[in-house]
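Right, one structure below, let's go through it.
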Amino acid sequence: MRIHVVDHPLVAHKLTTLRDKRTDSPTFRRLADELVTLLAYEATRDVRTEQVDIETPVTTTTGVRLSHPRPMVVPILRAGLGMLDGMVRLLPTAEVGFMGMVRNEETYEAHTYATRMPDDLSGRQVYVVDPMLATGGTLVAAIRELINRGADDVTAICLLAAPEGVAVMERELAGAPVTVVTAAVDERLNDDRYIVPGLGDAGDRMYGTAG
């Protein structure tokens, strides 16, 4: 597994505002959307392309376009929805799948309650988006499901990661074709499994505490 921490001043600037507890939900959603687009730019450096011949107003030339099958973006519900627009803005021709996952707050294990994506992902590059890589359980379960369906290149895009979660993914997904792209790897997890210094519960800060 590879991990790429995006070192860019605009990323650091937006992340700082996201961390600030005074940032309201509308601003949080907007900045998360902008930050995801910056992360997605780095995450798609190896997106698969094919050559195509075109005519410009001046002459003919050879360019590239995304190859088939198209990449797939998979947000993990619910907080991952806040990252979807930022991804498809950069990859407008990508297909979108969904995974609904919930964490047991006593055991911290992730359980899948809904999926909406093809059974066969053979040959697909898949970009799974979830704001926080904390314990790693949710992303490990999600990525295993994608690989079981045939995905051969999976990139997880997260706003923040904890070293404990990174270690779990490295252990549980050893040898798997997985890359993690994040704005920062923070200090640690606290006793409640929140990332420190972190930014709190991303879903609650995006959408409020309803439900």
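The values are calculated or read from the model by the stated rules, or taken from the named source; none is laboratory data. Predicted model, so just to flag it, every value in this text is computed and none were measured. So basically every Cβ, Gly included, is an ideal-geometry build from the backbone, and we count neighbours across all protein chains shown. Ligands, DNA and RNA are excluded from the accessible area calculation, which covers all protein heavy atoms including side chains. Shrake-Rupley method; radii C 1.70, N 1.55, O 1.52, S 1.80 Å.
Here are a few things to note about the model shown:
- The phi-based Karplus calculation (6.51 cos²θ - 1.76 cosθ + 1.60; θ = phi - 60°) puts the 3J(HN,Hα) values of the stretch 176-182 at 7, x, 10, 10, 10, 10, 8 Hz, whole numbers, x for Gly and Pro.
- Normalised size of the stretch 49-197, defined as Cα radius of gyration per 2.2 N^0.38 Å with N residues, equals 1.18.
- Whole-Å distance, taken between Cα centres, linking the stretch 140-156 and the stretch 27-60: 22 Å
- Tensor-based shape of the stretch 1-41 (alpha-carbon gyration tensor, a/c under 1.5 rounded, otherwise prolate or oblate): prolate
- Global geometry of the stretch 149-188, whether rounded, prolate or oblate, following the gyration tensor of its Cα atoms and the 1.5 cut on a/c: oblate
- With both residues required to sit in the stretch 85-211, DSSP beta bridges show an antiparallel share near 40%.
- Residues Asp33, Asp53, ordered by accessible area of protein heavy atoms at a 1.4 angstrom probe radius and largest first, appear as Asp53, Asp33.
- For the chain, the solvent-accessible area works out to 51 Å² per residue, with a probe of 1.4 Å and every protein chain left in place.
- Residue separation of Thr60 and Arg2 scaled by 0.36 nm, minus their Cα-Cα distance, works out to 17.0 nm of gained length.
- Ranked order, Arg193, Arg149, Arg22 - accessible area, probe 1.4 Å, largest first: Arg22, Arg193, Arg149
- Ranked by the mean number of other Cβ atoms within 10 Å of their residues, highest first, the peptides 166-172, 134-140, 36-42 fall in the order 134-140, 36-42, 166-172.
- Charge dipole magnitude, Cβ of K and R +1, D and E -1 - the chain, Cα centre, debye nearest 20: 320 debye
- The local environment of Met99, defined by Cβ-Cβ distances under 12 Å, has a net charge of +2 under the rule Lys, Arg +1 and Asp, Glu -1.
- If R0 equals 45 Å, the separation of the Cβ atoms of Val52 and Arg22 corresponds to a calculated FRET efficiency of about 0.40.
- With helices as the sole contributors, the chain gives -10000 deg cm²/dmol at 222 nm; each DSSP H run of n ≥ 4 counts as -39500 (n - 2.57), and the sum is divided by every residue.
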